[in-house]
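Read the structure below first, then the notes.
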Amino acid sequence: MKTAPITPGRLAFSPDGVPLAPEFGDVYHPAAGALQQAHHVFLGGNRLPARWGGRGRFVILETGFGLGNNFLATWDAWQRDPQRCERLVFVSIEKHPLTREDLARAHAASPLPELARALVSAWPLSTPNLHPIAFEGGRVQLLLGFGDVALLLPQLVVSVDAFFLDGFAPARNPEMWEPRRLQRLGRLAAPGATAATWSAARVVRDGLSAAGFTVETTAGTGGKRDITVARFTPRHIAVPPPGGWHAHDAASREALVIGAGLAGCAAAWALSQQGWQCQLLDRAAEPADVTSGNPAGLFHGSFHRDDGPHARTLRAAALATERLAGAWIAQGRVSGQLAGCLRLESRWSDDAARAAMAAQQIAPGYIDWMDRAVASTLSGLALPSGAWFYPGGGWLAPRDYARELLARSGSLFRGGIDVATIERHSGLWRVLDEQRQVIAEAPVLVLANGLGANGLLASGRGEVPWPLTAVRGQISSLATDGHPATLPCPRLPVAGGGYVLPQTGGRLLFGATSQPDDIDPALRDADHRFNLQQLAGLSGCDVEAWSSLPWQGRVGWRAVTSDRLPLIGAVPDLEALDRTSRADQPRFVPRQRDARGGLYVFTGLGSRGITWAALGGQLLASWISGAPCPLEADLRDALDPARYALPRWRSDS
Ligand SMILES: Cc1cc2nc3c(=O)[nH]c(=O)nc-3n(C[C@H](O)[C@H](O)[C@H](O)COP(=O)(O)OP(=O)(O)OC[C@H]3O[C@@H](n4cnc5c(N)ncnc54)[C@H](O)[C@@H]3O)c2cc1C
């Protein structure tokens, strides 16, 4: 998918105080009130709250978030309903999102002030991606998609129970109501889905009929004579492809997770948000003691002129990290700092960098360009070049972060357990030790054990289609006591050739080396000198003065894929793949899973584990639980382990 720049919506008010969108020459809601319309048209028209009663999850898709009044009214109705569904998921697409300031203005006199305040404070940046936001400890989930419905509807991976069709009027916003747009709704509809809209226009009714809905008009409100309501009654129901997305939750929501580093802990946290219970097994006695046990690491997004899959997934991942970890850093639960991060860039001139940003109209709250002088002042170092500034980036202690994720998940952690083999037995996934004693079993098994994932996969069914390279890294740290004047301590993380973090616990941390296929666990002087050289390159300082200082370090191995993107999803079934007639896209690749459960992988986090953890966990939880996918379909495919199975099918077919 090619993203398009986001132009924020403009907010004006009519003389009688009704909010207006000047671009569309239309009101955001009728003068009689937004909440009245929400209740009569969208909730009433979809027979809510009655229909969500007793459900595990109920998913609403809205076209046109606008001021968010339908979301607030739905959330309020959910809160008041004693029979409410366990989880309410509200997916909404908005082409012109308001700025946070305008949203606050629009809700200044909201009849639902607490909910409106929560929405305003969680309001994301206007970047072109999906923004998953959790309220009520994950029981109310808002998935906001900023962009054109034409781009985003085909990219949604959701199964929708109720549609709120709330764009501006067909006469003013015809693209929203085009027949092929409405046709898409049929592809996203769950069995028994309903739809409602205040529009009774012919084009809307015909479009819904063509998409497989039975359409009726019913009495309107707020000056509207008729509104449209519809039930999904398709003639055919398409069979989902074998590697596609399963909307249903498993009967037993229990998962075993091998590995309690950032990946395993994030998986447990995200699954708990979907109502799942996890048991985490780790060879180490404590969680996050191996690669995720570094004292600190940095996190930030990415920017590329083409806004391709790497830039888009890392942007979504960085925003998710900022949202989740930022709060815990602020509360002092995770050591770290969220005050931005600088990434040096010597290949771009100031003009070229600013032109690239302007072309994408990317929100400055996400990334900004700083020339050398400004970046140097901000960091407190004499930097050698200009830099990208990620305001939502920073550094944190990965061990704290992983342990907080684990604690929030309420999962059982079992340390000191070395899993030697996995196997499928009587419909369950079993993990066994060296003596082939069963350690535990569950319908769902997640391999989040870093570089060890491939070994366990090989122990189960043999071949593994993706290479995972172990890239050794050594970080260095120096005590700052007695040397503060000479050591280059930045005010915020600075990355480029290597990185340096602000001093913490009286130490300056910098690094790191990058040595593929080097298995030496010993700390090496030569690597420390290399790290000092990188520090000199970042700070413009002479390293000689520090080379004799006593130092500490830590060695770890990154699990790196050949395309530098993580592996997140259901493990392909290669035997079935060899027999299949079509597997040219990940969704056609058969998997090692069925309606009861399956085998999943979450690894390959490379040197960006902190950034990937939260979103990766949410993506994995969507695979396992059937919750709406937090990423667009093409990005889900980009991280799907099945991408490595496609060449095998192509060469065999
Ligand atoms: C030097 C260095 C610097 C880095 N700096 C940064 C940085 O600044 N920012 C950043 O985002 N990332 C950084 N990273 C990368 C980051 O640390 C990793 O991406 C992340 O820790 C990987 O997490 P994980 O959960 O996948 O793996 P791990 O943390 O390695 O967790 C895997 C767990 O699985 C367990 N396990 C393995 N096999 C078995 C088995 N058979 N049975 C039971 N348990 C098993 C292990 O004991 C381990 O606890 C750095 C990495 C290195 C090496």
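The values are calculated or read from the model by the stated rules, or taken from the named source; none is laboratory data. Values in this document were obtained by computation on a predicted structure and should not be read as measured data. Don't worry about glycine lacking a Cβ; one is built from the backbone with ideal geometry, like all the others, and counts go over all protein chains shown. Ligands, DNA and RNA are stripped out before the accessible areas are found, and what is left, the full protein with its side chains, is counted by its heavy atoms. Shrake-Rupley method; radii C 1.70, N 1.55, O 1.52, S 1.80 Å.
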Inset, instruction - Taking only region 531-576 into account, find how many residues are over 30 Å from TRP649 (Cβ atoms) and part of a helix (DSSP H, G or I). - result: 13
Inset, instruction - Would you check if GLU216 is open to solvent by 30 Å² or more (accessible area, probe 1.4 Å) and away from the ligand (no atom under 16 Å from the Cβ)? - result: yes
Legend entry - Test: residue in region 578-586 that is within 23 Å of ILE258 (Cα to Cα) and open to solvent by 40 Å² or more (accessible area, probe 1.4 Å): no
Inset, instruction - Check VAL290 against each of (1) among the β-branched types (Val, Ile, Thr); (2) open to solvent by 30 Å² or more (accessible area, probe 1.4 Å); (3) within 14 Å of the chain's Cα centre (by Cα) and name the one condition it does not meet. - result: (3)
Legend entry - Counted residues, region 312-359 - those being in contact (Cβ under 8 Å) with a residue 40 or more places away in the chain, small (Gly, Ala, Ser) and open to solvent by less than 50 Å² (accessible area, probe 1.4 Å): 9
Inset, instruction - Assess whether ARG424 counts as being away from the ligand (no atom under 14 Å from the Cβ) and touching a residue at least 60 places away in the same chain (Cβ under 8 Å). - result: yes
Inset, instruction - For LEU538, state whether it is within 16 Å of the ligand (Cβ to nearest atom), among the aliphatic types (A, V, I, L, M) and in contact (Cβ under 8 Å) with a residue 60 or more places away in the chain. - result: yes
Inset, instruction - Being within 30 Å of the chain's Cα centre (by Cα) and hydrophobic (A, V, I, L, M, F, W, C) is the filter here, so list the residues in region 418-449 that pass it. - result: VAL419, ILE422, LEU428, TRP429, VAL431, ALA440, ALA442, VAL444, LEU445, VAL446, LEU447, ALA448
Legend entry - Residue, most open to solvent (accessible area, probe 1.4 Å), within region 448-466, restricted to residues that are near the ligand (Cβ under 9 Å from one of its atoms) and outside any helix (DSSP H, G or I): ASN449
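State whether the residues of region 327-347 include one that is under 25 Å from GLN155 (Cβ atoms), aliphatic (A, V, I, L, M), more than 14 Å from the ligand (Cβ to nearest atom) and part of a helix (DSSP H, G or I).
Looking through region 327-347, none of the residues is under 25 Å from GLN155 (Cβ atoms), aliphatic (A, V, I, L, M), more than 14 Å from the ligand (Cβ to nearest atom) and part of a helix (DSSP H, G or I).
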Inset, instruction - Restrict the check to region 230-242 and report whether at least one residue is among the hydrophobic types (A, V, I, L, M, F, W, C), more than 16 Å from the ligand (Cβ to nearest atom) and assigned to a strand (DSSP E or B). - result: yes
Legend entry - Pick from region 291-319, criterion within 13 Å of the ligand (Cβ to nearest atom) and assigned to a helix (DSSP H, G or I), ranking: nearest to LEU262 (Cα to Cα): SER292
Legend entry - Condition broken by ALA118, with the remaining ones in (1) within 30 Å of THR217 (Cβ to Cβ); (2) part of a helix (DSSP H, G or I); (3) within 23 Å of the chain's Cα centre (by Cα) satisfied: (1)
Legend entry - Failed item in (1) closer than 30 Å to GLN141 by Cα; (2) open to solvent by 10 Å² or more (accessible area, probe 1.4 Å); (3) over 18 Å from the mean Cα position of the chain (by Cα), with GLY308 passing the rest: (3)
Inset, instruction - List the number of the failed condition for GLU434; all other conditions in (1) among the acidic types (Asp, Glu); (2) touching a residue at least 24 places away in the same chain (Cβ under 8 Å); (3) in a loop (DSSP other than H, G, I, E, B) hold. - result: (2)
Inset, instruction - Kindly provide the set of residues from region 602-633 that are part of a loop (DSSP other than H, G, I, E, B) and within 15 Å of the ligand (Cβ to nearest atom), ordered by number. - result: GLY604, LEU605, GLY606, SER607, ARG608
Inset, instruction - Take the residues in region 264-286 that are within 16 Å of TYR401 (Cβ to Cβ) and open to solvent by less than 10 Å² (accessible area, probe 1.4 Å), then tell me which one is nearest to the ligand (Cβ to nearest atom). - result: GLY264
